[in-house]
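Student: Attaching a single structure in structure tokens format; questions to follow.
FYI, it's all coordinate maths here, none of it is from the lab. Keep in mind the model is a prediction, meaning the values are calculated, not measured. Note: ideal-geometry Cβ built from the backbone for every residue, glycine included; neighbour counts use all protein chains shown.
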Amino acid sequence: MPRDESDKSGGEKVMTFAGHLGELRRALVISSLALLAGMIVGVIVSDFLDRLLRAPIDGLLPAGSDQPVFLGIFEPIFYRLKLGFIGGLVLASPVIFQQLWWFIAPALYPRERKLALPFILLATTFFAGGVVFCYAVILPQAAAFAVSQMTDNTRLILSLQNYLSQSAMFLLAFGLVFETPLLVFALCFLGVVRAATMARFRKYVLLGAFVVSAIITPTPDAFNQALVAVPMYLLFELGVLAGRLAERRRKPPSP
């Protein structure tokens, strides 16, 4: 992305609407190319991704249930493409976050643009952390809970295509949820919300985290519930801390 040359002299240069559209188009093209490249790699290693996807449900299918199935002749193709897309999205996420940053950077002060590398690294780390947390903790718990709701006179026929779609929704959702601290930092920096206001909702967030964990965990023991609830609550606290840091940085630099 072409940078604003006036920054070197301390001046300000206003970008036109057409200029913003051009920068947006460039960011979208680069992000799409990165996603395509990642997707190609994902399709190549789709057998490995398939084994990873099935791991959370290994041993969960009740006796008498069929092996995972495809329900249409073309489903194996679409299944591999979806696996490749999910893998490609994870691989391309650093580039996507980088393009997002460079698109919004012209609206920031020069000293704030120095946060580019920390933003890209943190956004990628939080997103990957959310995906890993969902895969290692949430998916097995949610799948076990779902299977436990079956009655004795029912039989489970697992469609791999359907399971992949639902798992991808979980993985993407938790990847985005783990971006909460960065989102709160941005909102507090822009003055949309205040960290002190969010902090007053601590007890409700903690209660909500344990309610959600109680719903998706199949066992009533406190350990499994805390395994889900505590990270969710810590994300909120990290968001409040990030908001306070943002408020300290909100004042523009002195001329």
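Student: How much of the calculated P(r) for region 147-252 lies past 17 Å, in percent of all Cα pairs?
Tutor: Value for region 147-252 (Cα pairs over 17 Å): 65 percent.
Student: May I pose another question? Grab every C-alpha pair in region 58-159, bin the distances at 5 angstrom width from 0 up to the longest one, and report whole percents.
Tutor: Result returned by the calculation: 2, 10, 13, 13, 14, 13, 10, 8, 6, 5, 4, 2, 1, 0.
Student: I've got another one for you. Taking the Cα of S159, stepping 7 Å toward and past its beta carbon, and measuring to each backbone N in region 73-96: which are under 17 Å?
Tutor: From region 73-96, the list is 73-83.
Student: Rounded to the nearest 10 degrees, what's the angle between the helix 202-216 long axis and the longest principal axis of the chain, both from Cα atoms, 0 to 90?
Tutor: Result, in degrees: 30.
Student: With θ taken as phi - 60° and the coefficients 6.51, -1.76 and 1.60, list the Karplus ³J(HN,Hα) couplings across region 142-148 in order, rounded to whole Hz; mark glycine and proline as x.
Tutor: Coupling constants for region 142-148: 5, 5, 5, 5, 4, 5, 5 Hz.
Student: Turning to a different aspect of this structure: In whole Å, what is the distance between the alpha-carbon centres of region 156-176 and region 78-133?
Tutor: For region 156-176 versus region 78-133, the Cα centre distance is 22 Å.
Student: As I understand it, the value is the acute angle between the Cα axis of helix 180-190 and the longest principal axis of the Cα atoms of the chain; what does it come to in degrees, rounded to 10?
Tutor: 30
Student: Moving on to the next point. What is the order of C134, C188, fewest Cβ neighbours within 10 Å to most?
Tutor: C134, C188
Student: Shifting gears a bit: Determine one quarter of the surface area of the Cα convex hull of region 139-195, which equals its mean projected area, and express it in nm² to one decimal. Provide the component values of the computation, followed by the final result.
Tutor: Values: hull surface 23.2 nm².
Directional mean of the projected Cα hull area for region 139-195 stands at 5.8 nm².
Student: About its Cα centre, how strong a charge dipole does the chain have in debye, to the nearest 20, once Lys and Arg get +1 and Asp and Glu get -1 at the Cβ?
Tutor: Dipole about the Cα centre, nearest 20: 1060 debye.
Student: Return the long-range amide H neighbours of S159 (sequence gap of 5 or more, or a different chain), with a cut-off of under 5 Å between placed amide H atoms.
Tutor: V69
Student: Equivalent-ellipsoid semi-axes (√(5λ), Cα gyration tensor) for the chain, whole Å, largest first?
Tutor: Numbers: eigenvalues 326, 141, 26 Å².
Working from the Cα gyration tensor, I get semi-axes of 40, 27, 11 Å.
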